[in-house]
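> So that we are looking at the same thing, I have put the structure below in structure tokens.
The values are calculated or read from the model by the stated rules, or taken from the named source; none is laboratory data. Please read these numbers as outputs of a predicted model, since none were measured by experiment. Cβ coordinates were reconstructed from backbone atoms using ideal geometry, including for glycine residues, and neighbour counts include every protein chain displayed.
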Amino acid sequence: MTDPQSRIPTPYKGSWVQDFLVALVFLTRLPIRPDFTFNMTALKSACRVFSLIGLIVGGVTGTIYILATFMGLPLLVSALLAVAGQVIITGALHEDAIGDVADGFGGGADKVKKLAIMRDSRVGTYAVVTLILIIGLKVAALGNMPDPLMGFAILVVAAAVSRGLITWALYLLPSARDEGLGHGAGRPEIMAPLVSAVLCTLIAILILGPHLGAVALLSGIIGAGMMGVIAKRQIGGQTGDVLGAIQQVSEIFILIACLMAI
């Protein structure tokens, strides 16, 4: 009998299923163990389904939000639990990223210093303040939704679209480093961001409807674009931390814009 441990993993071929699993491994802390080998370059293809991973993250955290509300908890408490759930599922991946970006951009005098600070594992004042604001804005937005079910829908779309926009950042922004996630992934082919755009549009329109879906898409693009422009001016492009910061900023833009548009 063949020992299961001795089986040779199949190579990565860039199928939809493989891309989905690769994206799930990179963007969450769910216990997924693909039965194929891959490296950073797989993200060039896998990034096309980032929005689908956001759909899962948003669906799980949105369910926490709804269940907590139905249990009679105040909306703000439900919102805090949902955000906490999101942090646990993703391993605070993007929160850690935007904290590093805040420290680097705020404390570095030039590109080299900024990149060095971003790599430093120590947490500075800029990171602490930014994380307080980021989490506070998410909780405040979700905690003030007029209808919990609408809050659930907006949370799901925000999680999906904001992660889908990472694909465009990978395509449009050059790597600011000669190493790391942003450089190792490489620039995806144009089909990856185009597929991501289609998926984001379908998710937003089907869940929120034409009007609110358009608000979510436009606000997410504005937030991601602003963060991308700042990163280009500060360090000349993107890093893994910048990609995470883009996700966080666009997600907050979507939550706040949709709250205003309801």
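> Within the range 138-175, work out how many residues are over 19 Å from residue 225 (Cα atoms) and part of a helix (DSSP H, G or I). Break it down into steps so the answer makes sense when it comes.
Step one: of the range 138-175, the residues over 19 Å from residue 225 (Cα atoms) are 138-156.
Right, trim to part of a helix (DSSP H, G or I) and you get 138-143, 148-156.
Count: 15.
> Could I ask something else about it? Taking residue 221 as the residue in question, decide whether it is surrounded by fewer than 23 Cβ atoms within 10 Å (Cβ to Cβ) and touching a Phe, Trp or Tyr at 6+ places or on another chain (Cβ under 8 Å).
So residue 221 fails the test.
> Mind counting the residues in the range 139-167 that are under 15 Å from the mean Cα position of the chain (by Cα) and surrounded by fewer than 23 Cβ atoms within 10 Å (Cβ to Cβ)?
Number of matching residues: 0.
> Next question, about the same structure. Is it the case that residue 151 is modelled with pLDDT of 95 or more and of a type outside the set (Ser, Thr, Tyr)?
yes
> Given the residues 64, 117, which is the only one that is under 19 Å from residue 155 (Cβ atoms) and either exposed (fewer than 15 other Cβ atoms within 10 Å of the Cβ) or free of Cβ contacts under 8 Å to residues at least 40 places away in the same chain (or both)?
None of the others qualify; the one that does is 64.
> While we're on this one: Just one of 199, 194 is without any contact (Cβ under 8 Å) to a residue 40 or more places away in the chain, under 18 Å from the mean Cα position of the chain (by Cα) and either within 23 Å of residue 19 (Cβ to Cβ) or outside any helix (DSSP H, G or I) (or both); which is it?
Of the residues listed, the single one that is without any contact (Cβ under 8 Å) to a residue 40 or more places away in the chain, under 18 Å from the mean Cα position of the chain (by Cα) and either within 23 Å of residue 19 (Cβ to Cβ) or outside any helix (DSSP H, G or I) (or both) is 194.
> Ok, one more. Looking for something out of contact with any helix residue (DSSP H, G or I) (no Cβ under 6 Å at 6 or more places or on another chain), in a helix (DSSP H, G or I) and farther than 26 Å from residue 138 by Cα - is there at least one such residue anywhere in the range 233-241?
Scanning the range 233-241 turns up at least one residue that is out of contact with any helix residue (DSSP H, G or I) (no Cβ under 6 Å at 6 or more places or on another chain), in a helix (DSSP H, G or I) and farther than 26 Å from residue 138 by Cα.
> With the condition being modelled with pLDDT under 95 and not charged (D, E, K, R), I'd like the helices (runs of 4 or more DSSP H) fully within the range 6-83 carrying at least 2 qualifying residues. Reasoning before the result, please.
Working: elements: 16-27, 43-46, 50-70.
Of the helices (runs of 4 or more DSSP H) lying wholly inside the range 6-83, those with at least 2 residues that are modelled with pLDDT under 95 and not charged (D, E, K, R) span 16-27, 43-46.
> Then there is this: Pick out the one residue from 136, 99 that is surrounded by 24 or more Cβ atoms within 10 Å (Cβ to Cβ) and without any contact (Cβ under 8 Å) to a residue 40 or more places away in the chain.
After applying the criteria, what remains is 99.
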